[in-house]
Amino acid sequence: MPFARITNLLSFIFLLMSFLLLMQNSLAAQVRMFAVQSGVLSALAAAVAFFGGSKELFSVAVVFALIKVIVIPNVLNRAVTKIGIQRAVAPYLGTSATLGICAGLVVVAFYAMAPVTALKPLPTVDGIPLAFAGVLIGLFTTVNRRRALTQILGFLMLENSVFMVALLATYGVPLIVEMGVFLDVLVAVLILEVFVYRIRENFESIDVQHLGSLRG
Amino acid sequence: MILLLLLSIPSVASAAIMGTRRRRTMEWIHASATVVALIVGASIGTRIWAGEPVVSWSLLRADALSAFMIGIVTFVGAVAGLYAVAYMRLEFDDNHLSQVRLFYALFQLFIFTMLLAVATDNLGLMWVAIEGTTLATVFLVNLHDNHTGLEAAYKYLIISSVGIALAFMGTVLVFYAASIEVGEIGLSWTMLISIAARLNPNIVKLAFIFILIGYGTKAGLAPMHTWLPDAHSEAPAPISALMSGVLLNVGIYALIRFKTVTDIAAGPEFSSVWLMRFGLLSLGLAAAFLLSQRNYKRMLAYSSVEHTGIVALGLGFGGYWGLLGALLHMINHALTKSMLFLVSGNISLRYHTTEIYGVRGLLKTAPWTGFAFLWGTLALIGLPPFGPFISEFIIFRSGFAAHSTPYAVTGIALLVVVFAGMLASLNHMLYGQPSGPMEARDPLRWSMVPLALNAILLLGFGLTLPAGVRAFLGQVLKTVGVSL
């Protein structure tokens with residue numbers, strides 16, 4: 001079935017982009033990887049729209065591409081240039097340990113999603129564990145990174161993956177909800193960008209370790 | 001239509017305030033919007049009380065549970081909103097007009113998002129609205145624009161957004177389970193309930209874990225509570241009152257909606273065990289931090305974690321009495337905590353510090369403030385004859401009845417620890433001698449008048465549960481499938 005093959009391939013590329021993102025050393029390259037990942041996801045939405053016969057989903061794919069491939073990466077790039085920090089290093093764990101853990105998370109994802117994939121009602125169902133692995137990796141990245149910008153990237157990866165689960169499992173949620181979700185994420189990123197500047201101004205670093213005065 | 005009216009009040013007010021230059025006009029729009037919202041909210045409540053099962057209009061829908069929440073949101077909104085006017089005059093003079101405008105506009109937007117979250121049948125829209133509550137409040141946390149405020153706001157936004165993304169994952173999984181059974185059903189809760197018995201229990205269980213972690217983050221359940229003490233202590237007092245008194249309850253509301261579905265699909269044991277675990281953990285963690293707390297706003301914030309934990313325990317113990325106790329405790333906690341956070345605004349205006357050690361002799365230096373703080377704190381730590389005592393009693397009683405004795409016993413022991421910790425802080429603040437000479441003067445007096453309502457209601461709920469209220473709560477319980 002071409003539908004199943006295409007969605008599986010795109011899901012695989014999607015997850016691959018998460019790993020490639022983690023391997024990048026420069027923030028600009030990470031943002032690029034995120035943009036590519038979003039592009040893959042937008043293509044996936046279009047594929048589901050085509051084979052699933054949903055016109056609504058086409059417009060979702062277009063809006064998604066606009067926001068996540070163009071607007072958000074631009075916002076992030078502007079932040080990277082403005083704060084003048086190019087290197088994305090300083091996770092709590094090094095790259096090789098991170099990749100090892102993320103590989104483990106993929107296994108966990110397959111295990112956790114077993115009840116979901118046990119039934120095979122949809123041709124897209126095989127991609128769900130891959131998407132869920134993306135959720136776990138995004139979560140881990142948000143926790144593991146010290147820099148505000150890379151935490152935001154982790155959150156965005158997580159968000160992308162949840163969107164992908166929605167796409168594969170239910171062929172997208174109703175249009176009004178989808179648009180609401182996009183709006184929320186966009187606003188969240190814009191606010192986070194403001195905070196990155198302010199953290200930079202106030203603490204002369206975007207290292208969130210400096211944010212440690214509120215304890216107890 | 002009345003729901004549309006209810007939602008349009010805060011949203012129109014918010015837009016109008018953004019376009020206003022004069023401070024007086026902003027204050028008038030803001031204050032009248034909160035009062036009118038309360039009146040409309042109350043009329044929705046009475047319609048449902050009178051026997052109308054649901055009020056609905058397009059995507060908006062209110063059953064008894066929604067009406068219950070609308071009541072809490074609009075009541076606390078009005079009390080905090082009226083207090084806010086005078087408070088803001090003292091905190092921000094006319095040179096900071098842009099901050100004042102932002103405050104009032106976002107305050108109304110915050111109310112709007114919470115009302116939308118509880119007045120829709122669409123679980124996706126509910127998600128959007130709950131994420132909206134974070135976005136509306138994040139600049140309010142950082143209104144003073146200093147280091148700690150920035151730190152609190154950043155943490156709040158990133159933790160809540162991650163949490164809420166997981167809640168979306170859970171929502172999607174529930175609808176996946178539903179779409180396998182019946183195909184396209186939108187994201188409607190009513191539809192979901194009607195087919196809940198046919199859903200695949202394993203998928204629903206998996207979904208519930210995500211929901212619990214996700215909306216639990218907003219409700220302030222440990223260990224996802226870490227944003228809460230920071231955000232609540234940094235925000236201006238009226239916002240802390242709303243966040244603690246209402247926002248946490250909105251998170252719990254979302255949990256109740258999904259718990260109902262999960263219980264039908266997978267049996268009540270599953271959600272019960274997880275709610276009890278998270279509830280007890282919250283209670284324990286809050287107790288540890290309350291024993292040696294140095295900052296009174298953080299003390300109140302950790303106490304919110306504690307009370308969210310108690311409500312979760314009530315939901316976990318389950319049955320008619322467990323859920324009734326949980327609902328009552330949501331009301332009592334909203335009344336108590338909004339009152340105390342507003343009073344804490346008075347204290348910080350008087351002493352210019354939020355450190356417990358900086359506050360001595362409150363009863364002498366600001367008698368009304370001190371008295372209100374005493375009243376509220378005694379209610380909060382669960383002393384009779386106040387409401388929280390009764391609701392906690394009902395909850396733990398139902399715990400023994402449900403054979404969850406270990407959870408109930410540990411919970412009660414932790415309550416004693418909290419009691420000791422908070423009483424010591426209260427003692428320190430109310431009595432003794434202030435460091436310098438201070439005459440007796442309450443910084444805000446007339447603004448505290450609405451708090452009398454909280455105080456009286458707290459006493460009322462402690463002494464009696466009128467038949468009308470009991471009947472209304474019975475209707476709420478019926479919507480989530482529980483009856484005596």
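Quick notes on this one:
- One residue stands out in region B:143-161 among those that are within 20 Å of the chain's Cα centre (by Cα) and touching a residue at least 24 places away in the same chain (Cβ under 8 Å): the one that is farthest from A:Leu168 (Cα to Cα), namely B:Ala152.
- Any chance B:Gly382 is in contact with a Phe, Trp or Tyr (Cβ under 9 Å, 6 or more places away or on another chain), under 28 Å from B:Ala287 (Cα atoms) and in a loop (DSSP other than H, G, I, E, B): yes
Table: residues versus (1) without any contact (Cβ under 8 Å) to a residue 12 or more places away in the chain; (2) more than 28 Å from B:Ala117 (Cβ to Cβ).
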site: A:Pro115; (1), (2): yes, yes
site: A:Thr124; (1), (2): no, yes
site: A:Val135; (1), (2): no, no
site: A:Val143; (1), (2): yes, no
site: A:Leu158; (1), (2): no, no
site: A:Ser161; (1), (2): no, no
site: A:Gly180; (1), (2): yes, no
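For (1) touching a Gly at 6+ places or on another chain (Cβ under 8 Å); (2) away from chain A (no Cβ under 14 Å), each residue gets a yes or a no:
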site	(1), (2)
B:Pro238	yes, yes
B:Met243	no, yes
B:Ala254	no, yes
B:Thr260	yes, yes
B:Val273	yes, yes
B:Ala286	yes, no
B:Phe289	yes, no
B:Arg298	yes, no
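- The condition (being more than 24 Å from the chain's Cα centre (by Cα) and in contact (Cβ under 8 Å) with a residue 24 or more places away in the chain) is satisfied by just one residue among B:Met69, B:Met1: B:Met1.
- When the residues of region B:189-208 are filtered to those that are more than 9 Å from chain A (Cβ to nearest Cβ) and in contact with a Leu (Cβ under 7 Å, 6 or more places away or on another chain), the one that is farthest from A:Phe203 (Cα to Cα) is B:Trp189.
- Of the residues making up region B:168-188, those that are at the interface with chain A (Cβ under 9 Å from one of its Cβ atoms), hydrophobic (A, V, I, L, M, F, W, C) and more than 31 Å from the chain's Cα centre (by Cα) number 1.
- Those residues of region B:241-257 which are among the small types (Gly, Ala, Ser) and within 10 Å of the chain's Cα centre (by Cα), in sequence order: B:Ala241, B:Ser244, B:Gly245, B:Gly251
- All positions within region A:152-173 that are facing another protein chain (nearest Cβ under 7 Å), within 18 Å of B:Glu181 (Cβ to Cβ) and not hydrophobic (A, V, I, L, M, F, W, C): A:Thr170
- Residue in region A:168-180 that is closer than 18 Å to B:Val174 by Cβ and within 13 Å of the chain's Cα centre (by Cα) present: no
The rows are residues; the columns are (1) assigned to a helix (DSSP H, G or I); (2) in contact with a helix residue (DSSP H, G or I) (Cβ under 9 Å, 6 or more places away or on another chain); (3) closer than 21 Å to A:Gly39 by Cα; (4) not aromatic (Phe, Trp, Tyr).
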site: A:Pro115; (1), (2), (3), (4): yes, yes, no, yes
site: A:Asp126; (1), (2), (3), (4): yes, yes, yes, yes
site: A:Phe132; (1), (2), (3), (4): yes, yes, yes, no
site: A:Val143; (1), (2), (3), (4): yes, yes, no, yes
site: A:Val165; (1), (2), (3), (4): yes, yes, yes, yes
site: A:Leu168; (1), (2), (3), (4): yes, yes, yes, yes
site: A:Leu192; (1), (2), (3), (4): yes, yes, no, yes
site: A:Val196; (1), (2), (3), (4): yes, yes, no, yes
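Only the coordinates and a few stated rules stand behind these numbers; no lab work does. Because the structure is predicted, anything quoted here is derived from the model rather than measured. Note: ideal-geometry Cβ built from the backbone for every residue, glycine included; neighbour counts use all protein chains shown.
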